[in-house]
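Engineer: If you scroll down you'll find the structure; I have some questions about it.
The numbers here are math on the coordinates, done by the rules we state, and not lab data. Please read all numbers here as calculations on a predicted model, not as lab measurements. A quick note on method: Cβ atoms are made from the backbone with ideal geometry, for glycine too, and the neighbour counts reach across all protein chains shown.
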Ligand code: NAD
Ligand code: WQD
């Protein structure tokens, strides 16, 4: 059996960390990425960390000709599908782009897998599929849906497509990995999250304040029904998350069907707790002010991660201090991300 994995979106934040985990676990990787939200430098850095080559095809997962070429040229045993657009706010402004990339792109990928006889797939899903009505902690048996933006709906739709595909083809083996809030960076400081423009997410924003690129953090809402009034999320280290993909690949080898797994720590942490933890790890102070709530934010959610522990043998092992220290190392050693200079103008 080949140990060659096709990683779509492999130049991105989670994809690049997963390439390291794959190579360290004895897998080889081929990447397809159109670089719409990433840099080829990330792939070079992965090669520096692991000392192993990554074969790279630049292009979109909606390009069936390119996918057929990749499957013809490489003996691929499984696909990890990260490629997609992920900005929640932007998805309401550009719903067609989100459905085209995330849903139509996944369909083309599935058709190409079928044509080449590849039966194993790990899909990047999200805690967002639980929607706004679900009780916490989120457990995989809950009904999904009630998503509140096109991004979330696109993830939910792909999950339905994958379940139907697995029902129709009993040889298919699919893991739907529902990530909670991935943060942190590889401890080498060579790869990390490199958002373009103003960061939407909390940790990249805090890191940019710490490095002097932004003046202060706006804490979105201080009057939620939580212990300190700020929202609770389940932050997990991206290195743990990357290992979850390796465990999922191993699970695929002796299971069929489409199954969902939460990947989180099982613990909720508030925005203010994150600010304090980051200050501790970096030695920098993070000026902030409490601002109005952000539309669409839920007060609190975290994972019931027991299924992944039981069936994948995966548990998150890195804590908040490592998440913060590794974010800070990445940001302070690469203040402009993968670019040599600040290109924001
Ligand atoms: P990212 O933007 O860093 O990585 C996505 C990669 O896919 C990028 O390299 C981008 O250039 C590429 N890409 C996008 N559309 C493409 C297309 N049509 N064809 C080929 N390449 C394409 O994002 P990430 O944080 O690494 O997220 C990876 C996956 O995990 C995404 O599907 C995302 O929705 C999902 N996810 C992310 C989070 C999170 O908080 N980061 C949480 C849950 C789920
Ligand atoms: C975390 C907390 C904010 C920025 C999003 C997607 C979700 C998933 C992960 C992909 C919230 C607060 C943030 C800031 C703040 N992605 N915050 N000031 O919203 O939990 O999840 O990313 O699937 O689908 O919705 O993550 O990092 O944006 O916010 O106070 O400048 O930090 O209000 O409470 P979120 P986040």
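Engineer: Using only the Cα atoms of the chain, what do you get for the radius of gyration and for Dmax, in Å?
Structural biologist: Answer for the chain, Rg first and Dmax second: 19.2, 56 Å.
Engineer: For region 16-80, calculate the relative contact order in percent as a whole number, restricting contacts to Cα pairs under 8 Å that are 6 or more residues apart.
Structural biologist: Worked out over region 16-80, it gives 34 percent.
Engineer: With 20 Å as the cut-off, how large is the P(r) tail for region 1-101, expressed as percent of Cα-Cα pairs?
Structural biologist: Everything past 20 Å amounts to 38 percent.
Engineer: Right, here's the next one. Could you let me know the centre-to-centre spacing of region 63-142 and region 280-301, using Cα atoms, in angstrom?
Structural biologist: Measuring centre to centre over Cα atoms gives 30 Å.
Engineer: Any chance you could run the full-extension gain for residue 55 through residue 93? It's 0.36 nm times the residue separation minus the Cα-Cα distance, nm to one decimal. Intermediate results must be reported in sequence, preceding the final value.
Structural biologist: On the way: separation 38, 0.36 × 38 = 13.68 nm, distance 3.43 nm.
Gain on stretching residue 55 to residue 93: 10.2 nm.
Engineer: Residue 68 to residue 250: extension gain in nm, 0.36 nm per residue of separation minus the Cα-Cα distance?
Structural biologist: Roughly 63.0 nm would be gained on extension.
Engineer: Can I ask one more? Averaged over every viewing direction, what's the projected area of the C-alpha convex hull for region 83-174? Give it in nm², one decimal, please.
Structural biologist: Projected area, direction-averaged: 6.2 nm².
Engineer: Here is a further query. Pulled fully out, how much extra length does the chain show between residue 169 and residue 100, if you take 0.36 nm times their separation in residues and subtract their Cα-Cα distance?
Structural biologist: Result for the pair: 22.4 nm of gain on full extension.
Engineer: Over the chain, what is the percentage of antiparallel beta bridges among all DSSP beta bridges, to the nearest 5? Kindly include the intermediate steps, with their values, before the conclusion.
Structural biologist: Values: 2 of 42 bridges.
Counting DSSP beta bridges with both partners in the chain, the antiparallel share is about 5 percent.
Engineer: Ok, one more. Along Cα→Cβ, 7 Å out, is where each label goes; now give me the distance between the ones at residue 160 and residue 35 in nm to one decimal.
Structural biologist: 3.6 nm
Engineer: Enter the per residue convex hull volume of region 242-345, computed from alpha-carbon coordinates, in Å³ rounded to the nearest integer.
Structural biologist: Taking the convex hull of the Cα positions in region 242-345, it is 186 Å³ per residue.
Engineer: Would you mind computing, in nm to one decimal, how far apart the modelled labels at residue 188 and residue 333 are, each placed 7 Å from Cα along Cα→Cβ?
Structural biologist: Output for this residue pair reads 0.9 nm.
Engineer: With a bin width of 5 angstrom, please list the P(r) values of region 214-287 as percents of all Cα-Cα pairs, from the 0 bin to the one holding the largest distance.
Structural biologist: For region 214-287, the binned pair fractions read 3, 12, 16, 17, 15, 12, 9, 8, 6, 2, 0 percent.
Engineer: On the first, second and third principal axes, largest extent first, how far apart are the outermost C-alpha atoms of region 155-262 in Å?
Structural biologist: 54, 38, 26
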